[in-house]
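Engineer: First the structure, then my questions, so here it is.
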Amino acid sequence: MGRKRYSETFKINSVQLLEQGNRTQQALASELGISVLTLGQWKRRHGDAVVQARFAEGKKGRNAGSPVATAFECARLQRELNYMTRQRDILKKALGIFSQQPPPSTR
């Protein structure tokens, strides 16, 4: 018999239930019919999606300004800043290369 497959939505919803803190990881895993290890893997893999969903709700006014939402937004902005900084540096180098005078011809 093969392994049972679960949808990504089911996994994310399971992690959300775990994050609510109403049940222990052991109790929730037992209730869902999965192993504690599986639930832990889902938490590691999908925890960011849960935080992102909470942040999206927070932007709508529900949990606005919560520490989790603020931390998530800060991390997202830091990643975006790093990406944009790399892009700027690449463009500066390209501009420097294209603005150089070509070497004199040997002909």
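Engineer: Out of all the residues in the stretch 71-82, is one or more among the polar types (S, T, N, Q) and at pLDDT 80 or above?
Structural biologist: So far as the stretch 71-82 goes, yes, one or more of its residues are among the polar types (S, T, N, Q) and at pLDDT 80 or above.
Engineer: Return the pairs, sorted by first residue and then second, in which the second residue is loosely packed, with under 12 Cβ neighbours inside 10 Å, the first residue lies in the stretch 23-44 and is assigned to a loop (DSSP other than H, G, I, E, B), the beta carbons are less than 9 Å apart, and the residues are 6+ apart or on different chains.
Structural biologist: Once the first residue is assigned to a loop (DSSP other than H, G, I, E, B) and sits in the stretch 23-44, its partners that are loosely packed, with under 12 Cβ neighbours inside 10 Å give R23/E31; G33/K4; I34/K4.
Engineer: Return yes or no: is R62 closer than 26 Å to S7 by Cβ, of a type outside the set (G, A, S), modelled with pLDDT under 90 and in a helix (DSSP H, G or I)?
Structural biologist: No.
Engineer: How many of the residues making up the stretch 19-47 are at pLDDT below 85, surrounded by 13 or more Cβ atoms within 10 Å (Cβ to Cβ) and under 21 Å from the mean Cα position of the chain (by Cα)?
Structural biologist: Residues in the stretch 19-47 being at pLDDT below 85, surrounded by 13 or more Cβ atoms within 10 Å (Cβ to Cβ) and under 21 Å from the mean Cα position of the chain (by Cα): 3 in total.
Engineer: Look through I97, I12 and report the one residue that is aliphatic (A, V, I, L, M), modelled with pLDDT of 80 or more, loosely packed, with under 10 Cβ neighbours inside 10 Å and not in a loop (DSSP other than H, G, I, E, B).
Structural biologist: Criteria check complete, one pass: I97.
The values are calculated or read from the model by the stated rules, or taken from the named source; none is laboratory data. Keep in mind that what you see is a predicted model, and the values were worked out from it rather than measured. For neighbour counting, all protein chains shown are included, and Cβ atoms are generated from backbone atoms with ideal geometry for every residue, glycine included.
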